[in-house]
Amino acid sequence: MGNSLICRTKKDAKDNGSKSKRMGKSQRKMLAEEEFLHKQALSMALHQHQLSQRFDGSMSRRIGSTSSRRHADPLANEKKLLESLEKIKFKKIVLLHGEGFGAWCWYKTIAQLEEVGLQPTALDLTGSGIDLTDTNTVTTLAEYSKPLIKYLKNLPVDEKVILVGHSSGGACLSYALEHFPEKISKAIFLCATMVSNGQRPFDVFAEELGSAERFMKESQFLIYGNGKDKPPTGFMFEKQLMKGLYFNQSPTKDVALAMVSMRSTPLGPIMEKLSLTPEKYGTGRRFYVQTLEDRALSPDVQEKLVRENPPEGVFKIKGSDHCPFFSKPQSLHKILIEIVQIP
């Protein structure tokens, strides 16, 4: 291609030379300018072609190497993770839901944990999920936590579990840490009510819902299972309010699932003051996971809980509402795996 260009240029020069004798001065000048512009255009085109070749080549190599990394690294990392998790002594993880929810809310988390060889179990607390107990009859935290207590009592003597509690389910974690510290390897509070000694789980939500006393007198969401002349027995938020409080970042399908699955919450357990001792609760290994787009339990309130009752570790999920198992399941999974691997 280069030789043919050279030959053509020489021929053109010869022809132009013979013609120049018959052309006037202005014509020769115009021809010379056209030839110069033509050569300049050819030069620019060749330069652009060379640049594009170099650029395409580097891009191709970069894409190729990136592609190989994407295909190789995840497999290598997954193998490494599986080998690491295989060595962990306690692989059982018990998942506890928050107010109104049930074991069903953990469906994504369960699948992800099982895929890496862990053994998750999601429990329905008393009167929740598919547990048929009338929530109006559940008056204490001990009664509400019965499924968890039963599970812990049935564990072999030398076995421990990791507990994960969401929202008001954190009160059940605290209760279990106080009564069965020897059965619990780690306790993970997921945007949860990690209360201090003498505090009620409801107190944590005071910023959003007002004081417990005011809520008991004025809330339109209370349920009077024993009649209007008796104290309220439960509560359940209106659907639109629930969507705004709990699911402001969650996928539509998960919100729809929640709307048809959520049940009323017994009031007694979250109004009960917990008695927590340094000798039992205080010896537990606690971790807290904060959700930074949370409207039910604001990031400021979660930060306050951590500050007043410091856990061993604090993790944060950006872009998550009050239900990270819906809105940020991958981020939640990574954090759970990281905590599981902490010696």
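Key figures
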quantity: Selection within segment 292-326 - assigned to a helix (DSSP H, G or I), crowded, with 19+ Cβ neighbours inside 10 Å and in contact with a strand residue (DSSP E or B) (Cβ under 8 Å, 6 or more places away or on another chain); calculated: 302, 305, 324, 325
quantity: Enumeration of residues in segment 226-266 that are over 31 Å from the mean Cα position of the chain (by Cα) and under 19 Å from residue 125 (Cα atoms); calculated: 233
quantity: Residues satisfying the stated conditions in segment 178-196, i.e. hydrophobic (A, V, I, L, M, F, W, C) and under 20 Å from residue 290 (Cα atoms); calculated: 187, 188, 189, 190, 191, 192, 194, 195
quantity: Candidate set: segment 132-166, residues that are over 17 Å from residue 267 (Cα atoms) and of a type in the set (Asp, Glu); chosen: the one nearest to the chain's Cα centre (by Cα); calculated: 159
quantity: Residue check for residue 178: closer than 28 Å to residue 151 by Cα and among the acidic types (Asp, Glu); calculated: yes
quantity: Every pair of residues 6+ apart whose Cβ atoms lie under 7 Å, when the first sits in segment 317-343 and is charged (D, E, K, R) while the second is open to solvent by 50 Å² or more (accessible area, probe 1.4 Å); calculated: 318/292; 321/249; 321/293; 321/295
quantity: Single condition residue 176 does not satisfy, out of (1) in contact (Cβ under 8 Å) with a residue 60 or more places away in the chain; (2) in contact with a strand residue (DSSP E or B) (Cβ under 8 Å, 6 or more places away or on another chain); calculated: (1)
quantity: Residues located in segment 137-173, provided they are free of Cβ contacts under 8 Å to residues at least 12 places away in the same chain and aliphatic (A, V, I, L, M); calculated: 157
quantity: Residues of segment 332-343 satisfying the condition of being assigned to a helix (DSSP H, G or I) and over 17 Å from residue 299 (Cα atoms); calculated: 333, 334, 335, 336, 337, 338, 339, 340, 341
quantity: Residues that are in contact with a helix residue (DSSP H, G or I) (Cβ under 7 Å, 6 or more places away or on another chain) and of a type outside the set (Gly, Ala, Ser), drawn from segment 316-335; calculated: 317, 321, 322, 323, 324, 325, 326, 329, 332, 333
quantity: Matching residues in segment 262-291 - criterion: being in contact (Cβ under 8 Å) with a residue 40 or more places away in the chain, open to solvent by 50 Å² or more (accessible area, probe 1.4 Å) and part of a loop (DSSP other than H, G, I, E, B); calculated: 263, 272, 273, 275, 280, 285
quantity: Scope segment 165-202; condition at pLDDT 95 or above and among the aromatic types (Phe, Trp, Tyr); matching residues; calculated: 175, 180, 189
quantity: Residue match in segment 246-253 (condition: open to solvent by 60 Å² or more (accessible area, probe 1.4 Å), basic (Lys, Arg) and either part of a helix (DSSP H, G or I) or in contact (Cβ under 8 Å) with a residue 24 or more places away in the chain (or both)); calculated: yes
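The values are calculated or read from the model by the stated rules, or taken from the named source; none is laboratory data. All figures in this text were calculated on a predicted structure; none of them were measured in a lab. Ideal geometry is used to build each Cβ from the backbone, glycine not excepted, and the neighbour counts take in all protein chains shown. For the accessible areas, the whole protein counts, side chains as well, though only heavy atoms, and no ligand, DNA or RNA atoms are used. Shrake-Rupley method; radii C 1.70, N 1.55, O 1.52, S 1.80 Å.
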